[in-house]
Amino acid sequence: MIRNILDVLEKTQLVFSVKPYGGAGKVVRKPWKYYFLSPSINAAIRFKLGVYDIRDREMIGILAENLIASYLFRMKETLNIPTGFFYAPEKEGVAFLLQTGTGEIIPVEVGIGKKDEGQIKKAIARYHSEYGVLISGTEEISMKKGIVRIPITNFAFV
């Protein structure tokens with residue numbers, strides 16, 4: 001029943017799914033993550049249900065992750081860049097994994113405020129990536145020690 005509802009929502013393009021990174025077994029065993037195509041739909045539903053609280057950092061983090069997911073999904077669907085768009089299935093993994101045409105994995109971590117680099121560093125090592133992307137409350141775009149830091153406000157203008 002729920003699977004049918006999610007299928008209909010995907011077909012109407014209100015939501016989209018992100019599959020776990022890994023082989024076919026992992027895709028079958030691990031749950032898919034669903035995001036609204038527009039984070040404003042997510043915020044509007046939360047507001048209507050009375051659970052929208054601008055001071056709730058966890059909720060703002062969920063909306064920020066939804067924002068980044070929707071941009072990456074649209075880039076994949078319209079430009080075919082990246083060629084693969086997944087989430088990291090391991091516990092405490094990064095938010096997203098992007099796969100290039102050559103098969104390279106680029107880990108992407110999303111957060112609000114100042115974000116710790118621990119998760120992104122582990123993902124860079126785990127997936128043998130040249131670099132990772134950290135989208136957070138940083139104040140300027142920079143690259144240090146294999147981590148590209150992008151302010152979430154700048155990314156929102158993409």
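The values are calculated or read from the model by the stated rules, or taken from the named source; none is laboratory data. These numbers come from a predicted model, not from an experiment. Glycine gets a Cβ as well: all are built from the backbone with ideal geometry, and neighbour counts include every protein chain shown.
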What number goes with the only condition from (1) outside any loop (DSSP other than H, G, I, E, B); (2) out of contact with any strand residue (DSSP E or B) (no Cβ under 6 Å at 6 or more places or on another chain); (3) surrounded by fewer than 20 Cβ atoms within 10 Å (Cβ to Cβ); (4) not β-branched (Val, Ile, Thr) that residue 128 does not pass?
-> (1)
Within region 93-125, restricting to residues that are farther than 24 Å from residue 140 by Cβ and in contact with a Phe, Trp or Tyr (Cβ under 9 Å, 6 or more places away or on another chain), the one that is surrounded by the fewest Cβ atoms within 10 Å (Cβ to Cβ) is 104
Name the single residue, out of those in region 131-143 being in contact with a helix residue (DSSP H, G or I) (Cβ under 7 Å, 6 or more places away or on another chain), outside any loop (DSSP other than H, G, I, E, B) and of a type in the set (A, V, I, L, M, F, W, C), that is surrounded by the most Cβ atoms within 10 Å (Cβ to Cβ).
-> 135
Is region 48-57 home to any residue that is under 27 Å from residue 148 (Cβ atoms), surrounded by fewer than 18 Cβ atoms within 10 Å (Cβ to Cβ) and either at pLDDT 95 or above or among the β-branched types (Val, Ile, Thr) (or both)?
-> no
Within the set of pairs 6+ apart or on separate chains, which have a first residue in region 104-118 that is closer than 15 Å to residue 90 by Cα and without any contact (Cβ under 8 Å) to a residue 40 or more places away in the chain, a second that is of a type outside the set (Val, Ile, Thr) and assigned to a loop (DSSP other than H, G, I, E, B), and C-beta atoms under 8 Å apart?
-> 107/88; 107/127; 107/129; 109/95; 109/115
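Let's see how each residue does on (1) over 20 Å from residue 42 (Cβ atoms); (2) modelled with pLDDT of 95 or more; (3) not β-branched (Val, Ile, Thr):
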position	(1), (2), (3)
80	yes, no, yes
108	no, yes, no
128	yes, yes, yes
138	yes, no, no
Please determine, by comparing only the residues of region 58-78 that are hydrophobic (A, V, I, L, M, F, W, C) and under 25 Å from residue 102 (Cβ atoms), which one is modelled with the lowest pLDDT.
-> 75
Hits in region 11-28 - residues which are without any contact (Cβ under 8 Å) to a residue 12 or more places away in the chain and either within 19 Å of residue 106 (Cα to Cα) or surrounded by 11 or more Cβ atoms within 10 Å (Cβ to Cβ) (or both) = 23, 27
